[in-house]
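Just so you know, all these numbers are worked out from the coordinates, no wet-lab data involved. If you're wondering where the values come from, they're calculated on a predicted model, not measured in any experiment. A quick note on method: Cβ atoms are made from the backbone with ideal geometry, for glycine too, and the neighbour counts reach across all protein chains shown.
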Amino acid sequence: MDAYDLQARYAPVIFAILPVLLVAIAMVPGLGQMKIAAGSIAFIIVAALPFVATRIARSAGRARQDALYAAWGGMPTTAMMRYRDPRVNAQTKTVYRERLRCLGSSFPIPDEEAERNDPARADTLITAAMDEIRRRAKAAGVRSVHRENVNYGAARNAYGLKPFGLAACAVAILILALSVAMRGGFSPSPLELSLVMAVAVIAGVWIFGCTPTMVRHHGEAYALALFEAIDTVAPATSHTPRHRG
């Protein structure tokens with residue numbers, strides 16, 4: 001796994017199943033100290049977990065991404081470049097668009113009048129240009145873009161996994177409740193009380209931390225990082241004619 005897989009895909013899955021893992025390690029004798037021998041079935045499962053987990057997280061995140069884009073009025077990298085969008089200063093936005101024209105005639109950038117006359121086509125042209133910036137930034141290894149891409153991917157995938165994470169919290173609490181009930185009476189041990197509090201904190205993170213607002217915040221930060229990278233990956237080498245779209 002690379003850094004993106006580890007932080008944006010694998011970590012959200014592990015956090016989603018963490019409540020059940022905590023309960024299992026605490027309640028199953030010897031599980032926390034169990035050694036996994038190479039070549040055993042357990043070792044194979046653990047070795048395969050990152051491969052499976054990263055794909056689960058990616059699928060969960062992408063499944064909810066389209067709905068988020070629809071609610072936001074489009075991808076942040078496209079929507080924030082619109083003249084009618086207030087999130088970026090108008091003068092700064094004009095500078096960004098002028099820089100995008102350095103991509104050349106294959107990527108015509110609409111002016112304000114062209115955008116007003118045909119918003120859908122303007123979005124298409126801006127999206128194509130930003131896709132090229134994204135591709136070049138990845139190839140050039142622009143650190144700020146990579147960092148914000150990881151942050152956005154982690155936020156999006158965590159939001160996609162939110163139902164699974166809350167379900168795991170519910171299962172963990174149920175297991176603890178059954179364990180206490182089977183002993184008769186209501187006498188949870190200090191360890192069980194600690195586990196309940198830990199699961200409650202994890203559930204709180206899912207409820208209050210993994211929200212569309214959080215994902216949007218990271219999406220906008222990623223868009224700004226891409227905007228700032230335009231000069232780096234598409235430097236002006238000569239005068240580029242102005243395109244009206």
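Normalised by the residues of the stretch 65-150, what does the relative contact order come to in percent, with Cα pairs under 8 Å and at least six apart?
Computed value for the stretch 65-150: 23 percent relative contact order.
The structure shown yields percent of Cα pairs over 23 Å apart, and of the options (i) 50; (ii) 41; (iii) 61 that calculated value carries the label (iii). Placing a label point 7 Å from the Cα of A3 along the Cα-to-Cβ direction, the residues of the stretch 128-143 with a backbone N closer than 18 Å are 134-143.
For the chain, the longest principal axis of the C-alpha atoms and the axis of helix 119-140 are separated by about 70°. Here the relative contact order of the chain, from alpha carbon pairs under 8 Å that lie six or more residues apart, stands at 35 percent. Rounded to the nearest 10 degrees, what's the angle between the helix 11-27 long axis and the longest principal axis of the chain, both from Cα atoms, 0 to 90? Between helix and principal axis, roughly 10 degrees. A Förster radius of 30 Å, combined with the Cβ-Cβ distance separating S105 from R62, puts the computed FRET efficiency at roughly 0.35. Helical runs assigned H by DSSP (4 residues or longer) give the chain a calculated mean residue ellipticity at 222 nm of -23000 deg cm²/dmol, each run adding -39500 (n - 2.57) before division by the residue total.
When peptides 11-22, 135-146, 164-175 are sorted by average Cβ neighbour count within 10 Å, with the highest value leading, the order is 11-22, 164-175, 135-146. How charged is the neighbourhood of R64? Take every other residue with its Cβ under 10 Å from the Cβ of R64, and add Lys/Arg as +1 and Asp/Glu as -1. Local net charge: +2.
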